[in-house]
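J.: Could you have a look at this structure, given as structure tokens, before my questions?
The values are calculated or read from the model by the stated rules, or taken from the named source; none is laboratory data. On a predicted model such as this, the values are computed, not experimentally measured, just so you know. Neighbour counts run over all protein chains shown; Cβ positions are idealised from the backbone, glycine included.
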Amino acid sequence: MSLLQHLELTTGVDPAGTVIWMHGLGDSGWGHLDAVRALAQQDLPALRFILPHAPIRPVTINNGMEMPAWYDIRMMDELGRMPDEEGIRESQAAIGQLIAREGERGIAPERIVLAGFSQGGAIALQTGLRHAARLAGIVAMSTYLALEDSLDAEGAPANRATPIYMAHGVSDEVIAIALAQRSRQALERRGYHVAWEEFPMPHSLCGEEIVSIGDFLSKALTSA
């Protein structure tokens, strides 16, 4: 598997950590560059932000149209039904390659945060909870836990205590907040530590959320 195409933004000459930030369905790394630049204005250590582009694939709920997608979506409701397990696991492996390359560049896994919005957030949870080496943290924005049934068998002991930040818009018209809340509860039942916030917004990001993510990154990378 070849390395995903991606953007990089480094906020200092000697980055103390890396944030791998995954976009949502139909988007690209370019779509979240402004959010990352806003984070870079906060009081954070020097970081390398990697914004990968999802591969192009047909998406069933969009009439089979080909677009950037981390996995296919055949049906979506408050239960998050019919996950594309093959696509999810392919994307998990692709993000694992980016984590491994950071190790080659001198950034150990415990200095890496996985972040993602919508589909990208599902992949951040999928990859982070199952990664064999401890990560610094997971940021899951406007998203849900995609393959809950396999988590008990596949969850990595090294990441049982990894901090997780989840945020969702109360008027999200794409991914119902009820699904995100159930995902949070599923994680907490298994002993994961989840910081949760709700914002008065649709399926998007807001300035207050970016500030909270900056605070989370600061704490996660300081304690790593």
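J.: Could you say which residue among Ser212, Ser150, Ser183, Ser171 is modelled with pLDDT of 95 or more, in a loop (DSSP other than H, G, I, E, B) and not charged (D, E, K, R)? Walk me through how you get there before you give the answer.
T.: Working: Ser212 fails: in a loop (DSSP other than H, G, I, E, B); Ser150 fails: in a loop (DSSP other than H, G, I, E, B); Ser183 fails: in a loop (DSSP other than H, G, I, E, B).
So the residue among Ser212, Ser150, Ser183, Ser171 that is modelled with pLDDT of 95 or more, in a loop (DSSP other than H, G, I, E, B) and not charged (D, E, K, R) is Ser171.
J.: What is the one condition in (1) of a type outside the set (Ser, Thr, Tyr); (2) buried (at least 20 other Cβ atoms within 10 Å of the Cβ); (3) under 19 Å from the mean Cα position of the chain (by Cα) that Val59 does not satisfy?
T.: (3)
J.: Something else now. Scan segment 30-56 for residues that are in contact with a Gly (Cβ under 6 Å, 6 or more places away or on another chain) and surrounded by fewer than 16 Cβ atoms within 10 Å (Cβ to Cβ) and jot them down.
T.: Gln42, Ala46 - these are the residues of segment 30-56 that are in contact with a Gly (Cβ under 6 Å, 6 or more places away or on another chain) and surrounded by fewer than 16 Cβ atoms within 10 Å (Cβ to Cβ).
J.: Can you find a residue in segment 21-41 that is of a type outside the set (A, V, I, L, M, F, W, C) and modelled with pLDDT under 95?
T.: Kept after step one, since they are of a type outside the set (A, V, I, L, M, F, W, C), are these residues of segment 21-41: 23-24, 26-29, 31-32, 34, 37, 41.
When the remaining residues are screened for being modelled with pLDDT under 95, the result is 41.
Yes, there is a match, as at least one residue in segment 21-41 is of a type outside the set (A, V, I, L, M, F, W, C) and modelled with pLDDT under 95.
J.: Next question. When only residues in segment 93-133 that are crowded, with 22+ Cβ neighbours inside 10 Å and over 21 Å from Arg48 (Cβ atoms) count, which is farthest from the chain's Cα centre (by Cα)?
T.: Leu129
J.: Within the set of pairs 6 or more residues apart or between chains, which connect a residue that is of a type in the set (Asp, Glu) inside segment 42-68 to a residue that is surrounded by 15 or more Cβ atoms within 10 Å (Cβ to Cβ) and assigned to a strand (DSSP E or B) with Cβ atoms less than 9 Å apart?
T.: Glu66/Arg57; Glu66/Val59
J.: Testing Pro157 on (1) out of contact with any helix residue (DSSP H, G or I) (no Cβ under 6 Å at 6 or more places or on another chain); (2) buried (at least 17 other Cβ atoms within 10 Å of the Cβ), one condition comes back false. Which one is that?
T.: Condition not satisfied by Pro157: (2).
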